[in-house]
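Here is the structure we will look at.
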Amino acid sequence: MSADSRSPLVVTIDGPAASGKSSTAQMVAARLRMRHLDSGMIYRSVTAARLRGGDAPEHWTEQSVLDAATRVSLAPGATSFAPRLDGEDCEAEIRGEAVTGLVSLVAKMPHVRAWVNALVRATAAAYEIVVDGRDMGTAVFPDARLKVWLVAAPDERARRRILQRMGREPTVRELAAEAAELEARDRKDREQTQPAADAVWIDTTGITQVEQVERIVGMAEGMR
Ligand code: C5P
């Protein structure tokens with residue numbers, strides 16, 4: 001946690017896939033009257049833009065992904081930002097299996113990371129944001145006033161994801177398949193998924209979302 005009052009008012013919430021970052025960040029932002037920015041959504045939108053090219057991912061050069069990225073933008077709303085591709089909302093498209101399966105490939109490209117990071121920083125220069133992702137507290141906002149690192153047990157992350165997607169508790173088989181998928185994505189993302197040395201760790205396995213949000217809001221309010 002940086003106590004520097006001149007640093008921008010940014011709260012970062014990082015952690016592995018399905019650790020509850022986005023939903024937590026959204027609630028924290030609403031409580032603090034800031035806007036929520038989901039950085040994973042930007043990587044997903046760039047992936048969707050490149051997927052529309054129609055050619056096999058083996059042919060995706062970094063330059064071709066960067067060219068596709070220029071078609072992605074963020075539309076500011078009252079409490080968050082909506083992803084736009086060629087000027088149109090692409091939220092449903094970026095949550096699909098095709099994008100989820102390829103986003104880690106795109107996120108490995110250093111110039112793409114630099115492009116996304118520049119967009120996130122430009123957004124933070126114009127709005128007070130609670131931003132979630134993998135490296136927001138390390139690579140993007142090393143001086144953020146409050147950095148949170150969220151973790152949860154793999155089975156619990158898988159359970160929450162299925163509950164969110166299907167609106168019911170998973171079967172044992174569904175739970176195992178989802179946990180394996182999450183762990184595979186964690187492995188692919190490992191390099192950029194590291195806690196900042198000064199991040200506050202919150203293990204959400206045994207606590208409710210309301211409790212998580214209260215803890216983060218309490219810390220952030222003390223720093224305003
Ligand atoms: O958060 P979400 O799971 O939607 O992120 C999708 C993907 O975007 C991750 O699997 C990761 O490859 C990439 N990502 C990243 N750095 C971030 C946010 C997301 O590499 N800050």
Original post:
What are the ³J(HN,Hα) values, in whole Hz, obtained from phi via the Karplus relation 6.51 cos²θ - 1.76 cosθ + 1.60 with θ = phi - 60°, for each residue of the range 16-22 in sequence order, with x given for Gly and Pro?
Top reply: x, 4, 6, 8, x, 4, 5
Original post:
When the Karplus curve 6.51 cos²θ - 1.76 cosθ + 1.60 is applied with θ = phi - 60°, which whole-Hz ³J(HN,Hα) does each residue of the range 156-173 get, with x for Gly and Pro?
Top reply: 6, 4, 5, 4, 5, 5, 5, 4, 5, 6, 10, x, 8, 5, x, 6, 4, 5
**OP:** Determine one quarter of the surface area of the Cα convex hull of the range 171-213, which equals its mean projected area, and express it in nm² to one decimal.
**Re:** 4.4 nm²
Original post:
What distance in nm separates the simple spin-label points at ALA98 and GLU174, each placed 7 Å from Cα in the Cβ direction?
Top reply: 2.5 nm
Original post:
Around GLU191, what is the net charge, scoring Lys/Arg as +1 and Asp/Glu as -1 over all other residues with Cβ under 15 Å from its Cβ?
Top reply: +3
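Divide the volume of the convex hull of the Cα atoms of the range 82-224 by its number of residues and quote the answer in cubic angstrom per residue.
On the way: hull volume 20.3 nm³, N = 143.
Roughly 142 Å³ of hull volume per residue.
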**OP:** For every other residue with a beta carbon closer than 12 angstrom to the beta carbon of GLY53, add +1 if it is Lys or Arg and -1 if Asp or Glu, then tell me the sum.
**Re:** +1
Subject >> Magnitude of the charge dipole, the chain, Cβ model with Lys/Arg +1 and Asp/Glu -1, debye to 20 >> reply: 300 debye
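How many percent of DSSP beta bridges within the chain run antiparallel, rounded to 5? Could the numbers behind the result be given before it?
Numbers: 7 of 25 bridges.
Percent antiparallel among DSSP bridges in the chain is about 30.
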**OP:** Rounded to the nearest Å, what's the spacing between the alpha carbon centres of the range 95-126 and the range 175-212? Just the number, please.
**Re:** 18 Å
Original post:
Using θ = phi - 60° and the Karplus curve 6.51 cos²θ - 1.76 cosθ + 1.60, what whole-Hz ³J(HN,Hα) does each residue of the range 125-140 get, with Gly and Pro shown as x?
Top reply: 6, 9, 9, 7, 10, 9, 10, 10, x, 10, 10, 5, x, 10, 6, 9
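Quick one: dipole size for the range 102-145, taken about the Cα centre, charges +1 on Lys/Arg Cβ and -1 on Asp/Glu Cβ, in debye to the nearest 20.
About 160 debye.
Since every read-out is calculated from the coordinates, none of them should be taken as a lab result. Every value quoted in this text rests on a predicted model; they were computed, and no experiment measured them. Methodologically, a virtual Cβ is constructed for each residue, glycine included, from the backbone with ideal geometry; neighbour enumeration extends over all protein chains shown.
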